[in-house]
Amino acid sequence: MVPMGLSFSTALAFAVTVVLTLTLRPLAVRLCITDKPGGRKQHIGEIPLVGGIAMFIGMLVATMTAVQPMGRWTLLVPAA
């Protein structure tokens, strides 16, 4: 892989993660997919629990653009 391809994949992963985080946050609040403070949790207010989902999808998209085309086997690379 050339450095330009790696830079593109990194930027794409960042962009997809940011967009998905900003998009999924209101949905998480509406569906009550939040972490509420209490007990050992020290944070103030409810925290939406969608950051990991956004990061995973961003990584998946970046991996799909970074791998060399291998036909139908390209889908197995992110699954591994």
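The values are calculated or read from the model by the stated rules, or taken from the named source; none is laboratory data. Because the structure is predicted, anything quoted here is derived from the model rather than measured. All Cβ positions, even for glycine, are placed from backbone atoms using ideal geometry, and neighbour counts span all protein chains on display.
Points worth noting:
- Inside segment 1-43, residues that are in a helix (DSSP H, G or I) and either exposed (fewer than 11 other Cβ atoms within 10 Å of the Cβ) or among the aliphatic types (A, V, I, L, M) (or both) make up a count of 18.
- When segment 44-54 is limited to residues that are touching a residue at least 24 places away in the same chain (Cβ under 8 Å) and in a helix (DSSP H, G or I), the one that is surrounded by the most Cβ atoms within 10 Å (Cβ to Cβ) turns out to be Ala54.
- Take the conditions (1) surrounded by 10 or more Cβ atoms within 10 Å (Cβ to Cβ); (2) modelled with pLDDT under 80; Leu60 misses just one of them, which is (2).
- Subset of segment 17-39 [at pLDDT 90 or above and of a type in the set (Lys, Arg)]: Arg25, Arg30
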